[in-house]
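First the structure, in the form of structure tokens, and then the observations on it.
Any read-out appearing in this document is the output of simple, stated calculations on the displayed coordinates, not a laboratory observation. Fair warning: this is a prediction, and the values are worked out from it, not measured in the lab. Quick reminder, even Gly has a Cβ in these numbers, built from the backbone with ideal geometry, and neighbours come from all protein chains shown.
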Amino acid sequence: MNDNAPPPTPNAEDEIDLIKLFEELWAQKWLIMAVTGAASIIGLAAALLLPPVYQASTQVRPADLSDLALINETEMMLVTPNDAFRRGLNELESRHSRIQTFSQLLADGKLESPEGDKRSLRAMTDNITVSVPQAGNGSLDTKDYVTVTYDHGDGKLAAEVVNSLVTIANQKAADTLVEELRSSIEARASLLEQGIQQEIDLQAQSNIDRAAQLKEIDQLRKLELQDQIDALRAKNLQLRQDRIQALEEALSIARTLNIEDPVLMAQMRDEAFGGGLAVRGGFDDKGSALYLRGTRMLEAEISALKNRQSDDFTSPQIRNLQEQLARLEHNREIELLMARKNNSAYVEDIREMRTELNQLRGYLDQDYSNVRVMKMDDAATAPMTPIKPRRTLIVAVSALSGAMLGILAALIASTLAHRRERQELDSRQAAG
């Protein structure tokens, strides 16, 4: 094959056919224009008749640390802005939050009828979009803004839905966060109250134990003192009996000697009458000298000793022991311990627990209405221009489709006309 051969010349018949095609289309220009115009009119009518759809949107971002300061300062929970923001996003995507948004709009009169309720509910479910930027690893990137959009035929209602949804989601997430905080605080406070009560109960039991110990010590001391008293009484009784025996022996001697009065008194009486009896010696405690006291004195002492009911008064030691025993009948420390009503004042370990408990109670009384998990960049406003339908695009597509359809119709009509002409020509040739 020769590479230097000249290129083939175009077929003249093809050029004639192409020119003829344009001529035929030009001949059908009114048909093409009619179809194109009809399609354009239909597209324009459709664009005008289709209900407009407006899109309202807003952007939200994580809350500031100051919005979470009331929670974090309790040290019961540590919530970062990103953690709180995730809670808010979950509420934004929650069907319950969306239904609550719609119910609030219905209650506020933003929706007119129950039928509107159903339509708006479906629209909220289908037409609310939460666009969350994703980081490179697929995780949530809360450094960027999250866009919340809602499509609806009423632009004002669309803006109301977006704003209400963000507000409700923010409030619900914050309420959940605060409720978790309150639960943690109440649990800790309950543990502290139980700990304080346990310490108080332990102190009360310690008082009872201390009183029991003191009672036992006092009882032991009483028994010991009583034993000492009994021993001294037995000793004194024995001494009295010994004294009686010694006096009786002396009485026997005095009777034998016929000494009725003490010798000293008789001696003085004898001296007064000039008697010659002289007895030397005086009274002593020895048994051998007791008879000198005389029978009358000895008999009187013996009678007194035998009739004596108790020898306690003769022993100062017994009185001292009885005094100690009487003092043990009333232990003031035991009485104070048993009469104590407020044991908490004597428990040193609960001071710090009470301080913490009072602090926790203050946290429970704290107003957490300013807690926020996310912030709205700017409230959604009613859009002025609908996003659907795009009338210019619809009319343009309709006109283009009509033109294509008109050309197709013109080609079909031209083909049918050529076929009829060939059939007529063939009929003439056959007849000639």
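Miscellaneous remarks
- Length gained on full extension, SER369 to ALA107, computed as 0.36 nm times the residue gap minus the Cα-Cα distance: 92.0 nm.
- 3J(HN,Hα) along region 174-184: 5, 5, 4, 5, 5, 5, 4, 4, 4, 4, 5 Hz, from the Karplus curve 6.51 cos²θ - 1.76 cosθ + 1.60 with θ = phi - 60°, whole Hz, x for Gly and Pro.
- Paramagnetic label zone (point 7 Å from Cα along Cα-to-C-beta, LEU239; backbone N under 12 Å) in region 317-332: 317-319
- Residues whose amide H lies under 5 Å from that of VAL53, counting only those 5 or more places away or on a different chain, are ILE387, LYS388; hydrogens are built 1.01 Å from N in the peptide plane.
- Environment charge of ARG240, counting only residues whose C-beta is closer than 12 Å and scoring Lys/Arg +1, Asp/Glu -1: +1
- Low-density loop positions, GluC sites (Glu not before Pro), region 295-379 - DSSP coil, at most 13 other Cβ in 10 Å: GLU329, GLU348
- Ellipsoid fit via the Cα gyration tensor, region 186-360: semi-axes of 74, 14, 9 Å, each the root of five times an eigenvalue, largest first.
- The phi-based Karplus calculation (6.51 cos²θ - 1.76 cosθ + 1.60; θ = phi - 60°) puts the 3J(HN,Hα) values of region 87-102 at 4, x, 5, 4, 6, 4, 8, 7, 5, 4, 5, 5, 5, 4, 4, 4 Hz, whole numbers, x for Gly and Pro.
- Taking 0.36 nm per residue of separation and subtracting the current Cα-Cα distance, fully stretching the chain between GLN359 and MET33 would add 108.8 nm.
- Stretchable slack from SER206 to LEU305, in nm (0.36 nm times residue separation minus alpha-carbon distance): 30.3 nm
- Legend: ranking of residues LYS156, LYS110, LYS172 from fewest to most surrounding C-beta atoms inside 10 Å; resulting order LYS156, LYS110, LYS172.
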